[in-house]
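Data block below; observations after.
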Number of protein chains: 2
Amino acid sequence: MNTDPRVQELLEFVAIPSVSAQAAHAVDMGRCADWLVEKLRSLGLDARREETAGNAVVVGKTPRDPAKKTVLIYGHYDVQPPEPLELWTTPPFEPTIREGRIFGRGSSDNKGQILAHILGVGEALAEGTLPVNVIFLIEGEEEIGSKHLAGFLEKHRAELACDAIAISDTGMAVDGYPTLSYGLRGIATMEVRVHGPAQDLHSGIYGGAVANPATAAARLIASLHDTESRVAIEGFYDQVKPLAEWERQAAAESPLTDADIAREAGVEELAGEAGYSGMERIGARPTAEINGLGGGYQGEGSKTVLPAHAFFKISFRLVPDQKPDKILALARRHFEKHRPRGVRLEFIDGHGGEPFMLDPISPEGLAARRALEKVFGKKPALMREGGSIPILTDFQRVLGRPALLLALASPDAKAHAPDENFPIENFLLGIRLNKAVLEELAKV
Amino acid sequence: MNTDPRVQELLEFVAIPSVSAQAAHAVDMGRCADWLVEKLRSLGLDARREETAGNAVVVGKTPRDPAKKTVLIYGHYDVQPPEPLELWTTPPFEPTIREGRIFGRGSSDNKGQILAHILGVGEALAEGTLPVNVIFLIEGEEEIGSKHLAGFLEKHRAELACDAIAISDTGMAVDGYPTLSYGLRGIATMEVRVHGPAQDLHSGIYGGAVANPATAAARLIASLHDTESRVAIEGFYDQVKPLAEWERQAAAESPLTDADIAREAGVEELAGEAGYSGMERIGARPTAEINGLGGGYQGEGSKTVLPAHAFFKISFRLVPDQKPDKILALARRHFEKHRPRGVRLEFIDGHGGEPFMLDPISPEGLAARRALEKVFGKKPALMREGGSIPILTDFQRVLGRPALLLALASPDAKAHAPDENFPIENFLLGIRLNKAVLEELAKV
């Protein structure tokens, strides 16, 4: 048993089943927000729950010294649903330590990471060494789309004014390796519905003479990429900033190899756009991925139907300076241009989010890199990640300050999956990293 | 109210809910077989139920005159499930006459057509004019794949020996127009499963660097046809007999136009292989149709998943002399050749059936054409149909005699759909056609 009181506190935090997606856990959400408020107050912060139309936002502020810079630290206390429960080695809300890791839903996404920041600030306050003012902003709806966060930022813009934003909700390039995630891809999603005959037809009686929407959908999907796996939509790359030489260099020096990525993904070999490494394809290049497709008969065996409809769902991942709306418009034009004769297309636009990028050679970027090197004893990896955190755009739009993504989660964290875990070492390093980052940002 | 006793008998026959696919109707299946046996006996035939491992087969024989030829008439007394019930104007098993048509499940598929043959034979027997020996073979499993019919034919091969086979289970080219269907397409079905990563991946975290099985499946489907809508599988057309000049002529003179087919199918315009009319594409040219496809997220909105698997189901419709096994082998080779990097393919072969063709200028073909012309007062349309009746291959293999497909169902029969119907006029013409065909076959 680990007797470190900080680890015990994390176990307590993870044990609260704050599942935002499940109405049955509404009481737990409130209990978790209260737990955070208590924790922040016990460390000397001015903390409160702020209600929204959804789950409460927790705000905690250190005593304000106008002579000091202010850093806003963002995190979330809600967690993903734990299902399928039978795949967990130990129950998701009975956090358990095995081989130096805390297993439990939310341990790495995002309770371990945010608690490390809280405890780091708490220690500095106790020691009287806190070099900046800190505002904690911890929401309860990150896993369900942060629906009320943008409005909250707008409403509390003055109170939340700051010089920099720190977020630990990303993953390390490789385990134990310091990582500054300086980019995240944007996203634009759409569904394309392909309509053919008025109803399903007998594929014998009409097959060969009537356009088949399933075949048409497949041809449209196939038209999305050229033989080099580049996206074949006209104009798709027009706004894409090419990778800088130093970025290609950093990617080449990354401890994360293509073989690592293939192993993590569970594939024999990587695929994708010619001329780029796996890391570059994931972080720095835009994509068009099919997330789902369907049409006709889906059951056992065969049914000789010529389906009336088919559909596919796409998500485009975007990089600076692509704009979601523009990309969706180009895609619609592309599909209409490639539409096979005899079918009609319907487009349903989904959500969008702009790509994020922090210049790693900006003063804040350099501060974060110095802090990471100090704590981990080696130069941090610079990484652009493939995922999207749409609220980053809101932070930049409303607060107008650079955001630093300081990764503490292990690549093997299993966020959103059974056996989610957070290494105790990363938790303790996170506490030190918090202090180092705040010290470095104070000097900017 | 129609007082013709023959029509009343058909209403009685259609009222029996002999749905072979639904276990709840097992008793009705037996009741329907008994009804037929009684009917045949009342007309002077030697009739019996012959049990199989599934539903009974009804056999009825006219008194045998060894000096006469023998014609076997095939039909089925089972019907498709009536669902969705709410789309029927009147209940499916309460047959109702409207605008000269009998509406009810099974009215045209196949009860109206087979009863017309039975009544035609009955009238000729009563008049003492029956020119041939007749054997009725009426099964109860046509709508569920005729599982036990081939075995039945083998077992009763001697008893069922005949000079020709007559079947009315197809549709007229256009309403009221005499039609000899002299060809039916064969079929070969398969499912292709496309496997990628070990589990579904986050499309942000891995998208762009891992082969997407949904995209791969779409590319494989797209590879099936060239830009002229010809099937692009190497060797696919090698065994295809080209259309004879007289066939092209007959198709060109057909009363069924491309516009008719488009209207029936509920599409604005036909599509398909360049260089052929709609009728030719459907009846005389082989196809590769996607009957179903699926993979990834199928629900509302979007889920940013890179799916681990995708699948598609194909049915190939075949024409002489294509062989189902050979075509599936060519398809497997084609897909492996076009397989995108990073995915694995799994093939699941489905059922197959050979194409059927009766030479319309054979003695039996000419006899059928003379009979049709005599009853309808105009030259019959010669048509190759797009569907498949796999048992025809069994008839030809076991009994070794030509089969005549004499269409009585209206193009608007709505077989397998709500509001299935059979025009009373076609029913009465069917009785006359039966007599004319038997007379003409007697002369062959």
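Among the GluC sites (Glu not before Pro) in the range B:154-262, those placed in a DSSP loop whose Cβ has at most 16 other Cβ atoms within 10 Å are B:Glu159, B:Glu228, B:Glu234.
In a DSSP loop and with at most 14 other Cβ atoms within 10 Å, the GluC sites (Glu not before Pro) in the range B:1-100 are B:Glu51, B:Glu99.
Would you mind classifying the protein assembly as shown by shape? Square roots of the alpha carbon gyration tensor eigenvalues, ordered a ≥ b ≥ c; an a/c under 1.5 is rounded, otherwise it is prolate if a/b is larger than b/c and oblate if not. Prolate.
Structural descriptor for chain B: relative contact order 26 percent, calculated from alpha carbon pairs under 8 angstrom and at least 6 residues apart. Please find, in a Gaussian network model of chain A (springs between Cα atoms separated by less than 10 Å), the residue of A:Ser107, A:Ser229, A:Ser254 whose mean-square fluctuation is greatest. Among A:Ser107, A:Ser229, A:Ser254, the largest mean-square fluctuation in the Gaussian network model of chain A belongs to A:Ser229. For the range B:135-165 versus the range A:382-415, the inter-centroid distance based on Cα atoms is 70 Å. Ranked from largest, the principal axis spans of the Cα set of the range A:23-162 equal 53, 37, 19 Å.
Relative intensity of the range A:193-335 on a log10 scale, I(q)/I(0) at q = 0.10, 0.12, 0.22 Å⁻¹, equals -0.48, -0.65, -1.31, per a Debye sum over C-alpha point scatterers of equal strength in the absence of solvent.
The mean number of partner chain beta-carbon atoms within 10 angstrom of a residue's beta-carbon across peptide A:259-266 is 4.
Copy-to-copy label distances for A:Leu85, where each label lies 7 Å from Cα along Cα-to-Cβ, are 3.8 nm in order of increasing length.
The range A:79-130 and the range B:26-100 have Cα centres lying 71 Å from one another. The lysines within cross-link reach of B:Lys69, meaning a Cα-to-Cα straight distance under 28 Å and a gap of 8 or more places when in the same chain, are B:Lys39, B:Lys61, B:Lys111, B:Lys155, B:Lys374, B:Lys378, B:Lys379, B:Lys435, B:Lys443. The loop-placed trypsin sites (Lys or Arg not before Pro) in the range B:230-282, going by DSSP, include none that has at most 15 neighbouring Cβ atoms within 10 Å of its Cβ. Placing unit charges on the Cβ atoms only, positive for Lys and Arg and negative for Asp and Glu, gives the range A:241-284 a dipole magnitude near 140 debye about its Cα centre. Summing Cβ point charges (Lys, Arg +1; Asp, Glu -1) relative to the Cα centre of the range A:124-246 gives a dipole of roughly 480 debye. Exposure proxy for A:His338, B:His25: other Cβ atoms within 10 Å of each Cβ, ordered fewest to most, give A:His338, B:His25. Taking every DSSP beta bridge with both residues inside the protein assembly as shown, roughly what % is antiparallel (nearest 5)? The answer is about 70 percent antiparallel. Classified by the C-alpha gyration tensor, the range B:114-240 has a prolate form. Its axis ratio a/c, with a ≥ b ≥ c, is 1.5 or above, and a/b is larger than b/c. To the nearest 10 degrees, how steep is helix B:213-222 against the longest Cα principal axis of chain B, on a 0 to 90 scale? Relative to chain B, helix B:213-222 is tipped by roughly 60 degrees. Of the residues A:Ala15, A:Asn212, B:Tyr237, the one whose Cα sits farthest toward the positive end of the charge dipole of the protein assembly as shown, with +1 on the Cβ of Lys and Arg and -1 on the Cβ of Asp and Glu, is B:Tyr237. For chain A, adding -39500 (n - 2.57) for each run of n ≥ 4 DSSP H residues and dividing by the number of residues yields -9500 deg cm²/dmol at 222 nm. With Cα atoms defining each centre, the range A:309-335 and the range B:224-298 are spaced 33 Å apart in the structure.
Relative contact order, whole percent, for the range A:221-306 stands at 28, derived from Cα pairs under 8 Å and 6 or more residues apart. Computed from Cα positions, the angle between helix A:424-443 and the longest principal axis of chain A comes to roughly 80 degrees. When chain B is treated as a GNM with alpha-carbon contacts under 10 Å, the residue of B:Thr227, B:Thr62, B:Thr189 showing the greatest mean-square fluctuation is B:Thr227. Amide H to amide H distances under 5 Å link B:Asn291 with B:Lys313, B:Ile314, B:Ser315, where only residues 5 or more positions off or on other chains count and H is placed in the peptide plane. Shown for B:Ser223, B:Ser362: other C-beta atoms within 10 Å of each C-beta, ranked fewest to most, produce the order B:Ser362, B:Ser223. This ranking places B:Arg384, A:Arg219 by how few other beta-carbon atoms lie within 10 Å of each, fewest first, which gives A:Arg219, B:Arg384. Sequence-distant contacts, meaning Cα pairs under 8 Å at least 6 residues apart, place the relative contact order of the range A:42-190 at 34 percent.
3J(HN,Hα) couplings calculated from phi for the range A:348-365 with the Karplus curve 6.51 cos²θ - 1.76 cosθ + 1.60 (θ = phi - 60°) are, in sequence order, 10, 6, x, 7, x, x, 7, x, 10, 8, 10, 5, x, 10, 6, x, 5, x Hz; Gly and Pro show x. Summarising the amide proton neighbourhood of B:Ala211: residues at separation of 5 or more, or on other chains, whose placed amide H is nearer than 5 Å comprise A:Ala271.
Quick check: from the Cα gyration tensor, does chain A come out rounded (a/c under 1.5), prolate or oblate? Prolate shape, in that a/c is at least 1.5 and a/b is the bigger ratio. Pairs of Cα atoms in the range A:241-284 fall into 10 Å distance bins, from 0 up to the last occupied one, in shares of 28, 55, 16, 0 percent. Please build a GNM for chain B, connecting alpha carbons under 10 Å apart, and tell me which residue among B:Ala211, B:Ala33, B:Ala368 fluctuates the most. Of B:Ala211, B:Ala33, B:Ala368, the most mobile in the Gaussian network model is B:Ala211.
Readers should treat all values here as calculations from the given coordinates under stated rules, not as data from a laboratory. Keep in mind that what you see is a predicted model, and the values were worked out from it rather than measured. A quick note on method: Cβ atoms are made from the backbone with ideal geometry, for glycine too, and the neighbour counts reach across all protein chains shown.
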